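K.L.:
Provided herewith is a single structure, encoded as structure tokens, for subsequent inquiry.
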Amino acid sequence: MKTLITAGPTREPIDAVRFISNRSSGRMGIALAEAAADAGHEVTLLLGPVMAPTTLGARVEVIRFQTTAELQGLLDEYFRECDQLIMAAAVADYRVAQFTEGKTERKKHLQIELEGTPDLVASVAQTKRDDQRVIAFALEEPHELETRAVAKMKRKGVDAIVANPLVTMEDDAVSAVLLYADGRRETPDGGMPLNKTAFARWLIATLSVR
């Protein structure tokens with residue numbers, strides 16, 4: 001099984017020293033890469049600007065990215081060779097419309113025009129073969145978690161989606177639900193929160209039998 005995993009945030013530059021990003025730590029995607037490698041998968045991890053783990057060693061090919069555009073290029077290059085893509089990266093929704101060379105002078109007020117970034121997982125899902133599958137992640141408010149995750153799954157055309165409440169970001173525990181395009185729904189035994197390592201092992205094992 002060739003598994004491609006994305007992890008971490010993107011950084012969208014404002015000027016030579018400033019950027020727009022988010023709070024993603026990348027720990028979920030890194031834990032998934034470790035779990036997949038332990039399960040015998042051939043793993044490639046596309047990793048954003050977070051600290052690279054030392055535990056992966058030679059078992060996982062780690063390729064770094066900074067921006068959404070860089071991650072898009074890597075997906076274009078590596079997706080066609082994988083059996084499944086687990087898209088755990090937190091891709092920025094917006095980037096600066098006009099990058100400023102050098103450092104912007106500090107002002108009391110600064111207006112920045114933003115433009116939407118490409119929907120990477122939807123673009124990849126449109127190109128997948130019948131023997132490939134794409135698993136996305138959704139980070140949503142708890143009271144509308146599954147409703148919004150299902151809508152996102154249908155809109156993006158992915159095979160399954162991991163629905164996470166917002167508290168998962170920067171937390172050690174995960175209380176997530178795995179939802180499939182065919183309507184099935186799975187949670188870890190008892191639905192109890194798991195640490196990210198345990199949840200990653202459950203998710204890889206669950207996906208491996210489907």
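The values are calculated or read from the model by the stated rules, or taken from the named source; none is laboratory data. The structure displayed is predicted, hence computed values, not measured ones. Glycine also receives a Cβ, built like all others from the backbone with ideal geometry; neighbour counts cover every protein chain displayed. Protein only, heavy atoms only, side chains kept; ligands, DNA and RNA dropped before computing areas. Shrake-Rupley method; radii C 1.70, N 1.55, O 1.52, S 1.80 Å.
K.L.:
Hey, of (1) 137; (2) 200; (3) 157, which did the structure itself give for volume of the Cα convex hull per residue in Å³ when calculated?
P.N.:
Working out volume of the Cα convex hull per residue in Å³ from the coordinates points to (1).
K.L.:
Calculate the spin-label point distance for LEU166 paired with GLU115, positioning each point 7 Å from the Cα along the beta-carbon direction, and give it in nanometres.
P.N.:
It works out to 2.9 nm between the two label points.
K.L.:
If packing is taken as the mean number of other Cβ atoms within 10 Å per residue, what is the order of 18-28, 38-48, highest first?
P.N.:
Top of the packing list down: 38-48, 18-28.
K.L.:
Between GLU42 and THR206, what length comes free when the chain is fully extended (0.36 nm per residue of separation minus the Cα-Cα distance, one decimal in nm)?
P.N.:
57.3 nm
K.L.:
Also: Defining a contact as two alpha carbons under 8 Å apart and six or more residues distant in sequence, what relative contact order in percent does the chain show? Don't skip to the answer; put the middle values down first.
P.N.:
Numbers: 409 pairs, mean separation 44.2, N = 210.
After rounding, I find 21 percent.
K.L.:
Continuing with this model, one more query. Can you classify segment 109-172 as rounded, prolate or oblate using the Cα gyration tensor, where a ≥ b ≥ c are the square roots of its eigenvalues, rounded means a/c under 1.5, and otherwise it's prolate if a/b beats b/c and oblate if not?
P.N.:
On the way: a/c = 2.24, a/b = 1.22, b/c = 1.85.
Oblate shape, in that a/c is at least 1.5 and b/c is the bigger or equal ratio.
K.L.:
Express the carbon and sulfur contribution to the solvent-accessible surface of segment 139-202 as a percent, rounded to the nearest whole number, probe 1.4 angstrom.
P.N.:
Answer for segment 139-202 is 51 percent, counting heavy atoms of protein chains only.
K.L.:
Which percent, nearest 5, of DSSP beta bridges in the chain are antiparallel? Display every interim value, and only then the final one.
P.N.:
Working: 13 of 39 bridges.
The antiparallel fraction comes to roughly 35 percent.
K.L.:
If you take the beta carbon distance between GLU186 and LYS2 as r and set R0 to 22 Å, what does 1/(1 + (r/R0)^6) give as a FRET efficiency, to the nearest 0.05?
P.N.:
0.45
K.L.:
Can you compute the charge dipole magnitude of the chain about its Cα centre, using +1 on each Lys and Arg Cβ and -1 on each Asp and Glu Cβ, nothing else charged? Give it in debye, rounded to the nearest 20.
P.N.:
For this selection, approximately 240 debye.
K.L.:
So if I take the centroid of the Cα atoms in segment 41-89 and the same for segment 116-143, what is the distance between those two points in Å?
P.N.:
Result: 15 Å between the Cα centres.
K.L.:
Name the lysines eligible as straight-distance cross-link partners of LYS154: C-alpha to C-alpha under 23 Å, and not fewer than 8 places from it in the same chain.
P.N.:
Straight-line reach from LYS154, under 23 Å: LYS128.
K.L.:
Over the chain, with the other protein chains present, what is the accessible area per residue in square angstrom, probe 1.4 angstrom?
P.N.:
53 Å²
K.L.:
Sticking with the crude label model, points 7 Å out along Cα→Cβ, report the distance from LYS108 to MET51 in nm, one decimal please.
P.N.:
Between LYS108 and MET51, the label points sit 4.1 nm apart.
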